[in-house]
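Step one of this worksheet: look at the structure below.
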Amino acid sequence: MGLLSDPNRRKALTNLLTRLNAPICMVCYLAAIVWFMGLAFEPFTLRTYMSENAMGSTMVEERFSSGERALSLAKEFDAHKTKAGGMPVEWLVKAMQARGLEVFTQSFSRKLPFPDENKERYMVRGTNVYGILRAPRAPRTEALVITAPCSPGNSNNQAVGLLLALAQYFRNQIFWAKDIIFLVNEHDLIGMQAWLEGYHHTNITGMEYSPLQGRAGSIQAALSLELSSDVITSLDLILEGLNGQLPNLDLANLFYAFCQKLGVLCTIQGKLQRNDWDTAEGYTHAAQTMMLMVLKQACGRSWGDHGLFLRYHIEAASIRGINGFRHYKMDVATIGRLLEGMVRKLNNLLERLHQSYFFYLLPSLSRFVSIGYYMPAFGLLAVILLLRVSFPGLMLHVCFSVSLQPSGPGVLTVLTPVVISHLTGVALYLLPVHLQEMAVEHFPVSETEAVVLTAVAIYTAGLALPHNTQRLLSGEGTEQGWKVLKLTALLYLAVLLGCTALINFSLGFVLAVTLVPITASMTPHMPKALSALAMVLLSPAFTILYCVFIYQELIEAPVSVSEGWMLFLSVISQGILDHALYGSLVYPLLALFVYPCWLMFWNILFWS
Amino acid sequence: MAAPLTLLLIVAVTIRAVLFRSSLAELILERVEVVSPLNAWKRVVEGLALLDLGVSPYSGDVFHETPLMIYLFHFMVDYAEIVFMIADGLTAVALYLSIQTYNKNVFRKQKYALESDRYPADCLELLRSPKEMFYIPLKVAMFYLLNPFTILSCVAKSTCGLNNAIIALFILCTLKGSALLSGILLALATYQSIYPLTLFAPALLFFLQRLYIPVNLRRSSFWFFTLQYAFIYVGSLVVITGLSFFLLGSWDFIPSVYGFIFSVPDLTPNIGLFWYFFAEMFEHFRLFFICVFQINVFFYTIPLSIKLKEHPVFLIFMQIAIISIFKSYPTVGDVALYMAFLPAWSHLYRFLRNIFLVSCVLLACSALFPVLWHLWIYAGSANSNFYYAITLLFNFGQILLVSDYFYAYLRREHHLTHGLYLKKKDGTEATLVLK
């Protein structure tokens, strides 16, 4: 307590912090970036290991061999799908029943808030088909799920074929201690959402669905399978779920262990692991893989059908077969064996997966960065905000003198910009979807364009609005006024980013990297035009734009500026759709909190 | 001054009424930070249902409110929202009037001291002006009514709001000098949650000071008044407890309410320090540590009463703060009560050292509670340690806040007797250190 109660030492510390404030902040920022980039360097990461005892020590033998049957089922499914022009419900029901499952269907319908141009859908109507294999050896209180989406066109037929072949094979085994649910869902995530809501008797997104007739125990784990060709060269594991939630690391370890055992090439983010970590290329490769994970996690959408399970406390991952240009190819039977092994190990679980990490980043499948290693990178950025809060030495007294002023105009000068910024945020959140009809009437655009362009327009209009009204309402701004506003805004930003980083580290970090430098140094005395430009270039919307370009660069599909802009618009519409359909929180977070917070700093710049 | 207070009340009631009607009310009702097993509305409803069925409300292990409270809601259950809003308003008005009275007393004392030239010459800047003191009562009421903690507590219909009202009325009666009412209300507050028992000391000290009776163990007048006040207090406590017995027809409520408070069997997470500690503890140490934790709440009364015997009102503030930090089932409603007093000590701000740090910590913690709860309970990715870490930090912030005010108060008093610019013996500038 010496530091807190001894006035002399306190004074020394405060002096030091005040004098060296700017250099310390710079050092912190650079240290944060270096730390973050260093996370991908192999010696700084930990090797993954299986923590769960029930899955680690037991041996299973994989005997699945009906790869040919899976392929013929896939062809049959394809034929029926083309004939039915969608999900061949009757055929699937029959096929599952023939394999001895208890089969049920669930129909659902959903009207999207506005047409989804990426997937070309607006009024969605579909049916999920699922069959339950009852566990012969246990009281059926727990279940595992294997899903395969029924996608339009030619894709994913093999996944459904393999699912059915696995069902037939599993039916003949006697060691199942958990019910296994085989689910074929239509309209990818929408169907999945409907099924999960039906299974858990919830309705959080306003979906219309028929109740489930059959139910198994509480779901312990789920695997989603995407397979579009008869042979594959590698398997890709997808972990990022809704709102950046990740499944327990043991699920990834399990997948990796079986890939090793069966000699299957496995990738994450579509990137193979390299062994030359000590070369520049090796490091860059790992850094790219990790950056891809960060960007995917930051955008908060579900990157596979597994993503929605995570919300219900169910560990889930998607496995996607990739047919590339390698010589070494694997047939469906090998993938079947891999799935069999994974499901058998999951079947051995005595409790939910909880031993291993939930907060991690993966620079490769065999290496991981845990929360204790990556949080300091964010912590260093947060420290800058706190240092700047204490910097203009008198901040504390400013704060008090304002609260002591009897008539309280000081509070009012701060309150007005805060309220106006937040009202702009609410407008940005509500208006795009609600005003689309009006926009379509008056402008020659489609609904989707109307929504996105309204959002962009409100965002831009927000820049003009607050500082004008503030001047109108309270006359000339005082020197003290902006200091108090800055104090409030810095604290607000620190708490906001801290909470975000806890829930979704990547999002918090990406926002902090762009928002912290400009917000920390903002004063009204800077050259207006230049700093206004810097602020706009580091605003949340531009952060999204940069992320789009970096992402395209990382997946080795670079885009031109105009393509990038179109992608940016589609990302916004997808963000709004994800919020409306599945309850993703990134859009409301940005619109209701981050953007208003940024506007407060914008307000400080034009304080007069 | 009545107009701003009325306006404030209207604003506060409007906010609460809107929140009661919104979908947020359901959400707030479930928050562990806002309701504890003692004062959750759900449990009161459960108790009422049992009572209506003719079963003792304490027969299950759900209901832990006092019998008087359940009989109050037996008649008022349809108007529960109004009752809670009135309780909040009542608390605010009582605090407003108390602080007004207190400020008048302080100012009168200061005037006498000035006239008798007791203050050192360089201390004039420390003296309080009527202009600065004029808005303090209103600010106190505002701090209570518009504090998000109070609003949450009221919207969750946590009975903590009613306990706060009783304590606020007790403070008002004490400051107005009515020993009888003060004793009765203190007994009522004790009956509600035991811990206000420690407020007996400051109330007694206040009355002694008011009647110019020196605190001297050899003087009969001291003993006479102490016994008189203690008699009022104990007498009303006995009457209230007896009344509960006759209402209920059994002594069930004693173990179910007071046993529940003391032995802490319910380890639902809350913002306090008990739950995690006792969830982790081996069973055979439990009794010992329960004793330690409970004695901790009461123990500070003695040293604080000795140190602050000249300043009973500040002592009341300290005691309420200590109770709300260390009690077994604290909620944010308890925190809100002592936070309402902070504007009354706004003249201490030049001596406060960590107020900024503390407000940042409390602010960050309030935001982190729901986030970590979400990660622990819904996402399943964090665990109880994360949540408890924030609880610890929150309590650390509160303790720092209270000790900071304590230090600042003592330091101002020291300056008022010894002069503002202290010199060491060798003539250099001295600094005060709290040891």
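Each value in this text was obtained by applying a stated rule to the coordinates, not by laboratory testing. Every value quoted in this text rests on a predicted model; they were computed, and no experiment measured them. Note that each Cβ is placed from the backbone with ideal geometry, even for glycine, and that neighbours are counted across all protein chains shown.
Shape verdict for the stretch A:115-232, please, from the Cα gyration tensor: rounded (a/c under 1.5), prolate (a/b greater than b/c) or oblate. Oblate shape, in that a/c is at least 1.5 and b/c is the bigger or equal ratio. Taking every residue in B:374-387 and counting other chain Cβ atoms within 10 Å of its Cβ, the average works out to 4. Restricting the stretch A:542-608 to GluC sites (Glu not before Pro) that sit in a DSSP loop and have at most 12 other Cβ atoms within 10 Å of their own Cβ leaves A:556.
The share of Cα pairs per 5 Å bin across the stretch A:71-352, counted from zero up to the longest distance, runs 1, 5, 12, 17, 19, 18, 13, 8, 4, 2, 1, 0 percent. Please work out whether the stretch A:409-606 counts as rounded, prolate or oblate from its C-alpha gyration tensor, where a ≥ b ≥ c are the square roots of the eigenvalues and a/c under 1.5 means rounded, while otherwise a/b larger than b/c means prolate and anything else oblate? Judged from the Cα gyration tensor, the stretch A:409-606 comes out prolate (a/c at least 1.5, a/b above b/c).
A dipole drawn for the stretch A:409-606 from +1 and -1 charges on Cβ atoms has a positive end, and of A:590, A:530, A:443 the residue lying farthest that way is A:530.
Note on residue A:51 and residue A:284: with the Förster distance fixed at 25 Å, the Cβ-Cβ geometry gives a FRET efficiency of about 0.25. The stretch between residue B:113 and residue B:180, if pulled fully straight at 0.36 nm per residue, gains 21.1 nm over its current Cα-Cα span. Among the residues of A:534-541, the average count of other protein chain beta-carbon atoms within 10 Å of the residue beta-carbon is 0. Annotation for the stretch A:544-608 versus the stretch B:294-339: alpha-carbon center distance of 49 Å. Put a plus charge on the Cβ of each Lys and Arg, a minus charge on the Cβ of each Asp and Glu, and nothing anywhere else: the dipole of the stretch A:409-606 about its Cα centre is then about 780 debye. Taking every residue in B:269-281 and counting other chain Cβ atoms within 10 Å of its Cβ, the average works out to 0. Take every DSSP beta bridge with both residues inside the protein assembly as shown and express the antiparallel ones as a percent of the total, to the nearest 5. Expressed as a percentage, antiparallel bridges in the protein assembly as shown total about 55. Tell me, what is the FRET efficiency for residue A:120 and residue B:74 to the nearest 0.05, using R0 = 60 angstrom and their Cβ-Cβ distance as r? So the FRET efficiency works out to roughly 0.45. For the stretch A:145-233, averaging the sequence separation of C-alpha pairs within contact (under 8 Å, six or more residues apart) and dividing by the residue count gives a relative contact order of 48 percent. The order of the peptides A:24-37, A:151-164 by mean Cβ neighbours within 10 Å, most packed first, is A:151-164, A:24-37.
Between residue A:219 and A:143, the built amide H atoms are under 5 Å apart, and every one of these is 5 or more places off in sequence or on another chain. Checking every one of the GluC sites (Glu not before Pro) in the stretch B:206-311 against DSSP loop status and a limit of 12 other Cβ atoms within 10 Å picks out B:310. As an equivalent ellipsoid, chain A spans semi-axes of 49, 29, 21 angstrom, where each value is the square root of five times an eigenvalue of the C-alpha gyration tensor, largest first. The longest stretch of chain B left intact once loop-based chymotrypsin sites (Phe, Trp or Tyr not before Pro) with at most 11 other Cβ atoms within 10 Å are removed from consideration, loops following DSSP, is B:1-211. Spacing of the modelled spin labels on residue B:250 and residue A:34, each 7 Å from Cα toward Cβ, amounts to 7.1 nm. For the pair residue A:231 and residue A:435, label points projected 7 Å from Cα toward Cβ lie 5.7 nm apart. Less than 5 angstrom separates the built amide H of residue A:234 from those of A:322, A:324, all sequence-distant by 5 or more or on a different chain.
Taking label positions 7 Å along the Cα-Cβ direction at both residue B:350 and residue B:283, the computed distance is 6.0 nm, reported to one decimal. Relative to the current alpha-carbon distance between residue A:9 and residue A:460, full extension at 0.36 nm per residue lengthens the span by 157.6 nm. Our compactness index for the protein assembly as shown, the C-alpha radius of gyration over the empirical 2.2 N^0.38 Å, is 1.07.
Take every Cα pair under 8 Å whose residues are at least 6 apart in sequence, average their separation, divide by the length of the stretch A:71-352, and the relative contact order is 21 percent.
Per residue, the average separation of C-alpha pairs within less than 8 Å and at least 6 apart gives the stretch B:2-349 a relative contact order of 24 percent.
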